[in-house]
Amino acid sequence: MSKFKELKEKCWKANMEIPKHKLAVYTFGNVSALDPSEGIFAIKPSGVPYDDMKPADMVLVNLDGKKVEGKMNPSSDTPTHVVLYRFLSGVYSIVHAHSTYAVAWAQACRPIPVYGTTHADHLAGDIPVTEVMSDEMIRGQYEEQTGYQIINALKEKNLSHQDVQMILVACHGQFTWGETPDKSVYNAVVLEEIARMAYLSEQVNPDIKRMKETLINKHYQRKHGKDAYYGQAKNKQE
């Protein structure tokens with residue numbers, strides 16, 4: 001029995017959230033979960049329908065991108081996950097999804113503006129979009145270059161990956177990450193909902209303006225600031 005049984009189960013459970021939340025259809029999308037102490041992550045096998053997957057089917061890969069355990073091939077997006085794990089410290093799970101509204105914004109090559117408080121509760125800025133990949137990158141190690149495309153976008157926009165845990169890859173789809181599989185999936189679901197709300201807002205009012213900074217900051221800080229008061233205090237005894 002693999003000593004990574006628990007890691008595989010966490011990864012499988014997170015992957016099963018993709019069809020549950022309609023983040024992708026058929027075999028699209030994938031979730032990985034990293035064991036940082038071992039430098040090993042579990043990821044969905046390539047091209048396998050979600051209904052057919054079992055925890056034991058999750059493939060183990062090291063941070064050199066080499067398969068270390070599993071009967072099937074890992075996701076074709078595995079090289080992207082490798083790059084992100086190498087560069088994004090404290091990230092232990094990554095989601096790649098093809099949810100409808102997030103993909104629409106990605107295909108339009110547009111960041112998602114902060115139009116309302118739902119967005120501001122999670123990010124104090126627009127959801128970023130990468131540049132369109134160059135021909136040289138496309139002709140190279142495409143999936144690996146996708147990872148660098150994300151890293152470069154964060155650097156160029158001076159964004160912290162701890163504060164901004166979601167991004168749109170131009171012409172492609174969404175990537176999200178987090179400290180746990182639950183958090184990375186949560187971020188993927190939130191991104192899709194924000195993308196849907198923003199799209200609908202532009203249909204209702206084509207002249208809509210970005211929400212004012214005072215309201216953006218109020219909603220972001222009440223959940224994430226040093227004096228945050230949203231939710232329940234940790235370790236508080238009822």
Name, by its number, the condition in (1) surrounded by 17 or more Cβ atoms within 10 Å (Cβ to Cβ); (2) β-branched (Val, Ile, Thr); (3) closer than 23 Å to SER160 by Cβ that does not hold for THR118.
(1)
Can you tell me which residues in region 1-23 are more than 17 Å from ASP57 (Cβ to Cβ) and either in contact (Cβ under 8 Å) with a residue 40 or more places away in the chain or surrounded by 16 or more Cβ atoms within 10 Å (Cβ to Cβ) (or both)?
HIS21, LYS22, LEU23
Looking at (1) within 22 Å of the chain's Cα centre (by Cα); (2) surrounded by 16 or more Cβ atoms within 10 Å (Cβ to Cβ), find the lone condition where MET211 falls short.
(1)
Would you check which residues across region 80-110 are more than 14 Å from VAL185 (Cβ to Cβ) and buried (at least 20 other Cβ atoms within 10 Å of the Cβ) and list them?
THR80, HIS81, VAL82, VAL83, LEU84, TYR85, VAL103, TRP105, ALA106
Hey, SER75 touching a residue at least 40 places away in the same chain (Cβ under 8 Å), among the hydroxyl-bearing types (Ser, Thr, Tyr) and more than 13 Å from VAL169 (Cβ to Cβ) or not
yes
Among residues of region 134-170, those that are touching a Leu at 6+ places or on another chain (Cβ under 9 Å), in a loop (DSSP other than H, G, I, E, B) and crowded, with 17+ Cβ neighbours inside 10 Å, counted
3
Which residue out of GLU38, GLU17, GLU9 is within 19 Å of ALA97 (Cβ to Cβ) and acidic (Asp, Glu)?
GLU17
Taking region 35-45 and keeping residues buried (at least 24 other Cβ atoms within 10 Å of the Cβ) and either of a type in the set (A, V, I, L, M, F, W, C) or touching a residue at least 40 places away in the same chain (Cβ under 8 Å) (or both) leaves PHE41, ALA42, ILE43
LEU123 versus (1) over 20 Å from LEU88 (Cα atoms); (2) touching a residue at least 40 places away in the same chain (Cβ under 8 Å): which is the lone unmet condition?
(1)
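Read-outs: derived from the displayed coordinates by stated rules, not from any lab. Note that the structure is predicted; figures quoted are calculated from it, not measured. Cβ: placed from backbone, ideal geometry, glycine included. Neighbour counts: every protein chain shown.
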